[in-house]
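Worksheet: one structure, shown below.
The values are calculated or read from the model by the stated rules, or taken from the named source; none is laboratory data. Owing to the predicted nature of the structure, the values given are computational and were not obtained by experimental measurement. Methodologically, a virtual Cβ is constructed for each residue, glycine included, from the backbone with ideal geometry; neighbour enumeration extends over all protein chains shown.
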Amino acid sequence: MAARTTIELPESVSCKGEKVARTQGVTIEEFIIQTFVRELKAAPDVPLRSKRVTLPLVPSKEPGAFDLKDFNFDVLLARRKHLGCPDLQSARLSLPGE
């Protein structure tokens, strides 16, 4: 069974595609299908579902070295917003025990 799809091509791409299709002796539909199939064969396989992650993502050399149970992440986020920091590395973090 075929799936019907509508796409909008820029005029220049459409005209060039039609010319190339004519030189190959195929319709524009056949040309698009052939090109699509060729590109899909060249593309790496995409897994149907994402791989499971194993935690921790970054293993620690000293697991448990930082006890963050009393760390106030709300303060960190408020400070980050207040400073206008685009990333956490720009904000000075105060970890417990520092």
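Among the residues in the range 38-46, are any surrounded by fewer than 10 Cβ atoms within 10 Å (Cβ to Cβ) and β-branched (Val, Ile, Thr)? Yes, the conditions are met somewhere in the range 38-46.
Taking every residue in the range 50-74 that is among the aromatic types (Phe, Trp, Tyr) and pairing it with any residue that is loosely packed, with under 10 Cβ neighbours inside 10 Å and at pLDDT below 80, at least 6 positions away or on another chain, the pairs with Cβ-Cβ distances below 8 Å are Phe66/Gly97. Among the residues of the range 1-56, write down those that are part of a helix (DSSP H, G or I) and acidic (Asp, Glu). Passing the criteria: Glu11, Glu18, Glu29, Glu30, Glu39.
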